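Below you'll find the structure I mean.
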Amino acid sequence: GVKLLLHGLCSNTTVKSLDLKGNNLRTMGAEALGKLLRQNKSIRSLILEWNSLGVWEEGFSFFCQGLGTNNFLQRLDLRNNQINHQGAGELAMALKQNASLQELDLRWNNIGLLGGRALLNCLHSNRTLKRLELAGNNVPSDILRAVEQAMDHNQDRQAILSETQNRTYVLSKEVLSLKDEKTKQFLDLMDTIDRQREEIAKSGRMSAARVSQLQEALDEQNSIMNSLKAKLQMTEAALALSEQKVHNLGELLNATKQEQTSMAERHSMELQQQKQEGIDREGKLLRDLSAASEKNLLLRNQVDELEKKCKVQQDQLFQVKQDLTNTTAELKLRAVQAEERLEMEKRRFKQSLEDVESLRLKEVDHMTQHVEASERSMQDRIQRLEAIRIALEEELSQVKAAALTERGQAEEELIKVRNQARLEEQQRLEHLEEKLRLMTESRDEAQNCCIKQKQMVAEAQAKASQLSLHADGLRRRLEELQQDLNSTEEEKVREVNKVKVELQEQIGRLQAERTAQEGLREKIAALERQLKALSSNHREALLDKEGEISVLLEKLRMKEAEISRMREEEAQRASFLQNAIMAYVQSSPLGTHSSRK
């Protein structure tokens, strides 16, 4: 598989790094790698760690031959490949021929003393290798130090070579540029000499007419300068108006900020009041819950007492069967009293529950109304703030549009002024060239006239330089005005961003307040749920107690029925005993004797 892969990479020109770590390459793979290094010209980094290439001597020698012929590879990793001193010698031969490899990693092999000496000897002829790692190879420390010194020497040498190459390249460029400049200057001088000769011959004739034309041009330039001054005054007035608009906008922004701060303070006060009211209501509800729980405990204690009394009564029933008449009366009286007490307690508890539910409903209604009113007020405030924000954005857009229009007008005026200045400079240059030609023609005829004409030309040039300086000053003034406009626009944008940030902060605060209100609502809902759960628990407890009371009443009825049955049985037994006693007495001799007497 590696052979096929490397055969395909031989003609590849895009792959720059190849990693074949831990692939168990053998002789065929090493030969394929040698062929790849001979033919490929794009791979710069090759990693062959953990492949045991040093075991196969023939394949490794072929690989080293390919490495020697390669002039494009820069980094080679051969760690943990079991390379011995013979393989190190072959690598040394390849490094003597190679002129591109810069990093070689041979850590954790079996190079030894001989292999280290071979590599050290090859470094005298190899000047491109910058880094050579030989750790874990049983190489003596003196050889390692010599290798490090050779690496440092190679690095310094390459740094010096690169610096010299860069310097020679720069110097060659400078020399060529100087030669080109000198040739161009020489040719320009020759051309200018020829042109000056021709122009001096023609300039003498046309000098007088050109002077009049120059004066007319100067008058025109003066009129143009006056018009430019008027335009500058107009732009300054427009800038003052824009500054006034910016000041007005700043005042409006300050007013809106003050209104927003006042609204935020009011809203914070209202929220604090709402929080205090919620806290008071929660305390009231907790107190009511504690009172209801105490009442429930009292009822439970009473029920326990009643159960204890019932148990005592049952014990008394079992113990006292003889005094049935007295115990039945007492039980009836106690049962009646217990029923009356239970009914009274039921009524009281029902009244307390109804009162608590009515209070809770009233408080919930009041809270919902207050929350709805606060939500409406908040929505109104949010709508007002959004309307203010929209108005501010519209005003800012208008100001931006006005500034853009003014900027476009100023740029158009600048373009016109630049075009006019260029045309004027071209006309001046043409006039000057014609004058020089005239002066060259009239030089042979009259030197005095030439001197006078040269003086006139010098004066015209001075005037032209003055005009050019004045035009440069106007350009600088226009650039300063543009910078001022840009600074004003940036300040406007910053103020707008500040206003947007403040509005976003206020919106975030309002949203936080909404979340706080929602949390209060959730708390109220949780308290309502707790109240409902407590009321349901109370109702279930009452129902349980009522069921227990009904069970106790049924037990009492059963006991009464048993007592009545016992009475009837005892009455029957007493009657039977009386009858038996009477019969016995009558049948006994005492009875007969008494009857006879």
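Charges on Cβ only, +1 for Lys and Arg, -1 for Asp and Glu, centred on the Cα centroid of the range 190-268; of Leu218, Ala230, Leu252, which one is farthest towards the dipole's positive end?
Positive-most Cα among the choices belongs to Leu218.
Could you tell me the calculated FRET efficiency between Glu569 and Gln351, based on Cβ-Cβ distance and R0 = 41 angstrom, to the nearest 0.05?
Efficiency, from the Cβ-Cβ distance: 0.30.
Kindly work out what percent of the DSSP beta bridges joining two residues of the range 1-139 are antiparallel, to the nearest 5.
Bridges in the range 1-139 that DSSP calls antiparallel: roughly 0 percent.
Please compute the net charge surrounding Arg107, taking Lys and Arg as +1 and Asp and Glu as -1 over other residues with Cβ under 11 Å from its Cβ.
-3
How much of the accessible area of the range 1-139, in percent, comes from carbon and sulfur atoms when a 1.4 Å probe is used?
Carbon plus sulfur share of accessible area: 49 percent.
Rounded to the nearest 20 Debye, what is the dipole magnitude of the range 475-514 about its Cα centre when Lys and Arg each give +1 and Asp and Glu each give -1 at the C-beta?
60 debye
Sort 392-402, 27-37 by packing, meaning the average of other beta carbons within 10 Å per residue, with the highest value first.
27-37, 392-402
Determine the per residue accessible area of the chain with all protein chains present and a 1.4 angstrom probe, expressed in square angstrom.
Solvent-accessible surface per residue comes out at 67 Å².
A further question on this structure: Can you list the residues of the range 36-66 with backbone N under 16 Å from a point 7 Å past the Cα of Glu103, pointing along Cα to Cβ?
Within reach of a label on Glu103, which here means backbone N under 16 Å from a point 7 Å along Cα→Cβ, the range 36-66 contributes 43-49.
If you don't mind, there's one more thing I want to ask. Nearest 500 deg cm²/dmol is fine: what mean residue ellipticity at 222 nm does the chain get from its DSSP H runs of n ≥ 4 alone, each adding -39,500 (n - 2.57), divided by its residue count?
-32000 deg cm²/dmol
I would also like to ask the following. Can you tell me the order of 94-100, 544-550 when each peptide is scored by its average per-residue count of other Cβ atoms within 10 angstrom, highest first?
Ranked by mean Cβ neighbours within 10 Å, highest first: 94-100, 544-550.
Continuing with the same structure: Identify which of the listed values of volume of the Cα convex hull per residue in Å³ was calculated from the structure shown: (1) 178; (2) 274; (3) 428.
Only one listed value fits the structure, namely (3).
Explain nothing, just the number: dipole magnitude of the range 1-156 about its Cα centre with +1 on each Lys and Arg Cβ and -1 on each Asp and Glu Cβ, in debye rounded to the nearest 20.
Rounded to the nearest 20 debye, it is 420 debye.
If you average the sequence gap of Cα pairs under 8 Å that are 6 or more apart and divide by the length of the range 1-139, what percent do you get for the contact order?
For the range 1-139, the relative contact order is 20 percent.
On to the next question. Farthest toward the dipole's positive end in the chain, which of Leu436, Leu286, Thr128, given Cβ charges of +1 (Lys, Arg) and -1 (Asp, Glu) about the Cα centre?
Thr128
Report the calculated FRET efficiency for Glu236 and Glu425 (r = Cβ-Cβ distance, R0 = 35 Å), to the nearest 0.05.
The calculated FRET efficiency here is 0.85.
Under a Cβ-Cβ cut-off of 14 Å, what is the net charge of the residues other than Glu198 that fall near it, where Lys and Arg count +1 and Asp and Glu count -1?
0
Let me ask something else. Under a no-solvent Debye model with one identical scatterer per Cα of the range 1-139, what's log10 I(q)/I(0) at q = 0.13, 0.17 Å⁻¹?
Those come out to -0.47, -0.84, one per q.
A follow-up question, please. Pick out, from Thr69, Ser536, Gln102, the residue whose Cα sits farthest towards the positive end of the charge dipole of the chain, with +1 on the Cβ of Lys and Arg and -1 on the Cβ of Asp and Glu.
Of Thr69, Ser536, Gln102, it is Thr69.
Please give me the summed charge of the neighbours of His470: other residues whose Cβ is under 12 Å from its Cβ, Lys and Arg +1, Asp and Glu -1.
Charge balance in the 12 Å sphere: +3.
Next question, about the same structure. Any idea how far the Cα center of the range 131-201 sits from the one of the range 1-56, in Å?
Between the Cα centre of the range 131-201 and that of the range 1-56, the gap is 36 Å.
Can I ask one more? Determine the dipole magnitude for the range 383-520: charges of +1 sit on the beta-carbon of Lys and Arg, -1 on that of Asp and Glu, nothing else is charged, the reference point is the Cα centre, and the result goes in debye to the nearest 20.
300 debye
Given contacts defined as C-alpha pairs under 8 Å and at least six residues apart, what's the relative contact order of the chain, whole-number percent?
12 percent
The values are calculated or read from the model by the stated rules, or taken from the named source; none is laboratory data. Small disclaimer: the values here were computed from a predicted structure and weren't measured. Reconstructed Cβ throughout: ideal geometry from the backbone, glycine too, with neighbour counts over all protein chains shown. For the accessible areas, the whole protein counts, side chains as well, though only heavy atoms, and no ligand, DNA or RNA atoms are used. Shrake-Rupley method; radii C 1.70, N 1.55, O 1.52, S 1.80 Å.
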